[in-house]
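The values are calculated or read from the model by the stated rules, or taken from the named source; none is laboratory data. Please read these numbers as outputs of a predicted model, since none were measured by experiment. A quick note on method: Cβ atoms are made from the backbone with ideal geometry, for glycine too, and the neighbour counts reach across all protein chains shown. SASA here: full protein model, heavy atoms, side chains in, ligands and nucleic acids out. Shrake-Rupley method; radii C 1.70, N 1.55, O 1.52, S 1.80 Å.
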Amino acid sequence: MSVTLPNDPAREDVLAGRPALWLNPNLKPDGISDPSLPIRSAQVSEAEANWRILAPVLKTCFPELEASNGMILSQLIEAKDLRKALGYAGPEYGRVFVKADNDLPVAGSIKARGGVYEVFMYAKQMAEKRGILTPGGDITVLASAQARALFAQHTIAVGSTGNLGLSVGIAARALGFRAVVHMSSDAKQWKVDRLTRLGVEVVQHKADYTTAVECARIDAEGDPTIYFVDDERSEMLFFGYSAAASELAAQLEAAGVTVDEEHPLFIYLPCGIGGAPGGAAYGLKAIFGDAAHAFFVEPVQSPCALVHMMSGSKELVSVYDVGLTNRTEADGMAVARMSAFVADVMKPILSGVFTVADDDLFRWLWMAETTQSIRLEPSATAGFAGPEFIVKSTQGRAYQEAQGLKDKLAQATHVVWTTGGAFVPEDQFKQFLERGASLVNVD
Ligand SMILES: Cc1ncc(COP(=O)(O)O)c(C=O)c1O
C-alpha cells in the first residue's frame, strides 16, 4: 500500500531519507499511567524478580556470569573523552553516559536481555508442568540431565536480523533444546557461522526481516514441539528488556546523577522492531515518569517506528509504504515494520524518534573505539546523534520549549544505549574501523 504521512516538521526530511527528529504529538504527561495501555508497570518488577530466580541456573549454564552471580548486566560508562570527539564537550550537554549493552555477557548485545529471558522462562514453565521443577524449587534442575532430555525433544524457533537469533540460539542450546533461527538477508555471515557452530539450524532467507519472522511463525504453527519466540508480539521479550531500567537507575544513582523534574534524563535507544528499546523505555518511564525522555533512533531508510507512529494509522505502516528502501548497514535495525504491540505501548510515553545516516554510524564506531575502547557494531552507535538533536536542532529546541527544559540542559543527563558489538570478529571489526577512520579523515 502507499501511505501519505500527515503534515509534520520532520516529514520532508524523513521521506527524503535525511536525518530528522520527529516529536511524538501523542506523548502524555504521566503517560505511563494511561489506562489504555495493554500492560501494567508491575510487570516490570515481576520480570526483575524472575531474573533473580533464574540467576543460579544462568550461572550454571554460562560460567562468564560467575562474577555477577548469574545476572546479565552491563556497565554504565561516562563518555568523558568520547563526548569531546562527538562535539559534546560543552556544558549545555550536561553529563553524557554510555549504557554498554554492546558488552553484555552471553550474547554480546541487548538481545541477551530479551532472548535469554524468554527461553529460560519457557524452560522453567515446561519443567514445572512436567514435574521436574517444583514451584520455588531448585532452579538449577533446568540444567540437569533429566531436564535436558526433555528439552531435547522440543524446538525453539525465531526470526532474526542476527542478534536476537544469537541470543535465543545460545540460550536454547545451553539448555539442550533444538533451535532454528530464520535469518533475514541483512544478517551478517559471522552471526550465522557462530550459531551453526553451536548446533543451531540456521535458515537464511533472501528476504527481509518481516518475511523471516513470518516463515518462522508458519513453521511453528500446528507443531506443539516448536515454541516460537515472536518478536512481533512477545510480552516476555519486552519485559525481559524492561528489567534493564532498574539496573540503569541504580548505576545513575551510584554515579551521583539526580533524575527529577529539574534534572531531566534523555535516553537514546536504537530501534528495529521496537521490543528492546520499547522494553527499556517502558521500564525507565515506570521508574522516572516524566523526568525521563525516551527517544528511539533508526536508520534513515528503515525508520519503521517513526513512519508508523507519525502516520497515526491503526494499520501498521511500513517504510516501503512511504517509499523508503529499508537498506542499511545497521543489520539490527533493518526492519521495515514495527511491532504493533510496542507501537500501542509507546504511543503515550515515547518522546520521539530520530534518524541517522549509515556513514555516521561508522564515524561514531571509530570514535568510541579510539577514545574509550568501546567496541560497537554499526547499529549500536546510532544513539550518539541524540544529544545534538535535543540540544541544537530546531525540533530539539521545540521539544525543550514544550517540555519546559530550556534552562535545565546543563543539569541534564544523556544516556546513549549502545546495543551490540562484543562478539564482532576481529577482521570484521577492523573493516568497520577502517571505514570509520576514512570518514573522519584519519589515516
Ligand atoms: C545491535 C542492535 N541494536 C538494536 C536492535 C533493535 O532491537 P529491536 O529489534 O527489539 O527494536 C537490535 C535488534 O536486533 C540490535 O541487534
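Just one of the listed residues (Thr413, Thr394) is β-branched (Val, Ile, Thr), open to solvent by 10 Å² or more (accessible area, probe 1.4 Å) and farther than 18 Å from Ser302 by Cα, and it is Thr394. Checking the structure you have, find out if any residue of region 408-421 is within 30 Å of Thr161 (Cα to Cα), within 14 Å of the ligand (Cβ to nearest atom) and either assigned to a helix (DSSP H, G or I) or of a type in the set (Ser, Thr, Tyr) (or both). The answer is yes, given that some residue of region 408-421 is within 30 Å of Thr161 (Cα to Cα), within 14 Å of the ligand (Cβ to nearest atom) and either assigned to a helix (DSSP H, G or I) or of a type in the set (Ser, Thr, Tyr) (or both). Look at Asn50 and say whether it is touching a residue at least 40 places away in the same chain (Cβ under 8 Å), touching a helix residue (DSSP H, G or I) at 6+ places or on another chain (Cβ under 7 Å) and either surrounded by fewer than 21 Cβ atoms within 10 Å (Cβ to Cβ) or outside the structural domain of Phe177 (by TED's automatic domain parsing) (or both). Yes, satisfied.
Table: residues versus (1) of a type in the set (Asp, Glu); (2) assigned by TED's automatic domain parsing to the domain that holds Gly421; (3) open to solvent by 10 Å² or more (accessible area, probe 1.4 Å); (4) touching a residue at least 24 places away in the same chain (Cβ under 8 Å).
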| residue | (1), (2), (3), (4) |
| --- | --- |
| Ala187 | no, no, yes, yes |
| Asp193 | yes, no, yes, no |
| Lys206 | no, no, yes, no |
| Tyr209 | no, no, no, yes |
| Ala212 | no, no, no, yes |
| Cys215 | no, no, yes, yes |
| Ile218 | no, no, yes, no |
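In the set Val257, Val307, Val297, Val322, only one residue is within 13 Å of the ligand (Cβ to nearest atom) and touching a residue at least 24 places away in the same chain (Cβ under 8 Å); that residue is Val297.
Scanning region 161-184 for any residue that is within 14 Å of the ligand (Cβ to nearest atom), open to solvent by 10 Å² or more (accessible area, probe 1.4 Å), touching a helix residue (DSSP H, G or I) at 6+ places or on another chain (Cβ under 9 Å) and of a type in the set (Ser, Thr, Tyr) turns up at least one such residue. Within region 16-47, the set of residues being closer than 22 Å to Ala398 by Cα and surrounded by fewer than 16 Cβ atoms within 10 Å (Cβ to Cβ) comprises Ala16, Arg18, Pro25, Asn26, Lys28, Pro29, Asp30.
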